[in-house]
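Notes for the one structure printed next.
Coordinate-derived values only; no laboratory data. The model shown is predicted, which means the values in this text are computed figures rather than measured ones. Don't worry about glycine lacking a Cβ; one is built from the backbone with ideal geometry, like all the others, and counts go over all protein chains shown.
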Amino acid sequence: MTIIVTGAAGFIGSNIVKALNDRGEHRVIAVDNLTRADKFKNLVDCEIDDYLDKTEFVERFRRGDFGKVRAVFHEGACSDTMETDGRYMMDNNFRYSRDVMNACLEQGAQFLYASSAATYGGSSQFVEDREFEKPLNVYGYSKFLFDQIVRQTLPQAKSQIVGFRYFNVYGPRETHKARMASVAFHNFNQFRAEGKVKLFGEYNGYAAGEQTRDFVSVEDVTKVNLFFFDHPEKSGIFNLGTGRAQPFNDIASTVVNTLRAIDGEATTLSLAELVQRGLIEYIPFPDALRGKYQCFTQADQSKLRAAGYDAPFLSVQEGVDRYARWLFGQL
């Protein structure tokens, strides 16, 4: 049967396409918007059955043009958290997602979609519950609102609906995201260009570089998606993070030590040594971000684990090391 991936040329979408290929699935239809054509590079090593622009997809899907569709991985969205055009954001992330979900319900196809930890916004707790959802920007609101529609739909849905609240995802195939690419990606490029990584200094009670996030490898994100794909009887909205908050210092230290190792340096330096040598530098926290910056995120994994997903997640040290080596191999 056919599998459809929207946002297929994007970061998480292309990783899902590649993972499906690795399992022998080649009847994959890729849906995206290639106005930014350079995203095509993410699909060069993938096998797809067809490509469609997002504007023609939903109507053709509803018409049954693709025969029996097993599942739709809906990763397509505007992921720029700095986007201020609310009309554009809601059209892309809310209205289009609702149309895709409704088409899946009509066709009896599994619907697995990208939500976001941005739904929590200003909250200090990250549990999949309405009381903790406090989006701070229109991106977070667009994801939040669609999750509310999903909650209303789930009780009567006759096919799978699964939403994944992605935390800070990093890994291969994100180059096209530019400023919205991961901290690991930017640390890698900054160190290669300047010979050092710059991090924010002390802010809001957190020491320099000690602001913490739940950084999750796209490898793990893909594995969780495929777990639910293999279990169509499981539905719901789930956090997708490691359940472990780690500081930005860990990202920078791992990137720098990995690149030093690639250059033949045998010694792994501690954070203090990296700072002392000027390989990590702290800069004043920008005024423009004060009051708008999350200093802590950490996925509550209780619901995910209760659903039966029991595989371990990569730590920053494991995942970023692998990612930095992958990036270096692409040069």
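Taking amide H atoms as placed 1.01 Å from N in the peptide plane, the amide H of Phe126 lies under 5 Å from those of Asp300, each 5 or more residues away in sequence or on another chain. Value of Rg to Rh for the stretch 176-242, rounded to two decimals, is 1.12; Kirkwood radius and Rg both from alpha-carbon coordinates. Taking a quarter of the surface of the Cα convex hull of the stretch 110-224 gives a mean projected area of 9.1 nm². The HN-Hα couplings worked out from phi for the stretch 52-60 by the Karplus form 6.51 cos²θ - 1.76 cosθ + 1.60 (θ = phi - 60°) are 9, 6, 4, 5, 9, 5, 4, 4, 5 Hz, whole numbers, x standing for Gly and Pro. The sum of -39500 (n - 2.57) across all DSSP H runs of n ≥ 4, divided by the residue count of the chain, sets its helix-only mean residue ellipticity at 222 nm to -10500 deg cm²/dmol.
Projecting the Cα atoms of Gly264, Phe111, Thr297 onto the dipole axis of the chain, where Lys and Arg carry +1 and Asp and Glu carry -1 at the beta carbon, places Phe111 farthest toward the positive end. Taking amide hydrogens as placed 1.01 Å from N in the peptide plane, the amide H of Ser116 sits under 5 Å from those of Tyr166, each at least 5 positions away in sequence or on another chain. Considering all C-alpha pairs of the stretch 13-77, those separated by over 19 Å amount to 29%.
With kT/(6 pi eta Rh) evaluated at 10 °C and eta = 1.306 mPa s, and Rh the Kirkwood radius from Cα pairs, the stretch 156-280 diffuses with a coefficient of 96 µm²/s according to Stokes-Einstein. Measuring between alpha carbons in the structure, the pairs from Lys41/Lys223; Lys158/Lys303; Lys158/Lys292; Lys41/Lys143; Lys41/Lys134 lying more than 32 angstrom apart are Lys158/Lys292; Lys41/Lys134.
Take the Kirkwood radius over Cα pairs of the chain, plug it into Stokes-Einstein at 20 °C and 1.002 mPa s, and you get 104 µm²/s for translational diffusion. The H on the amide N of Phe111, modeled in the peptide plane, is under 5 Å from the matching H of Val72, Gln160, Ile161, Val162, each at least 5 residues off or on a different chain. Specify whether the C-alpha gyration tensor of the stretch 164-207 places it in the rounded, prolate or oblate class, a ≥ b ≥ c being the square roots of the eigenvalues: rounded for a/c under 1.5, otherwise prolate if a/b is larger than b/c and oblate if not. It is oblate, given that a/c is not under 1.5 and a/b is not larger than b/c.
Its residue count N sets the reference 2.2 N^0.38 Å, and the alpha-carbon radius of gyration of the stretch 219-331 equals 1.35 times that reference.
Taking a ≥ b ≥ c as the square roots of the Cα gyration tensor eigenvalues, the stretch 214-266 comes out oblate, since a/c reaches at least 1.5 and a/b does not exceed b/c. In terms of surrounding Cβ atoms within a 10 Å radius of their Cβ, Ser159, Ser182 rank from fewest to most as Ser159, Ser182. This ranking places Tyr309, Tyr120 by how few other beta-carbon atoms lie within 10 Å of each, fewest first, which gives Tyr309, Tyr120.
Averaging 1/r over each pair of different alpha-carbon atoms in the stretch 1-142 and inverting the result gives 15.9 Å, the Kirkwood hydrodynamic radius. Each residue in Ile12, Ile161, Ile149 was given a count of other beta-carbon atoms within 10 angstrom of its own, and listing them fewest first yields Ile149, Ile161, Ile12.
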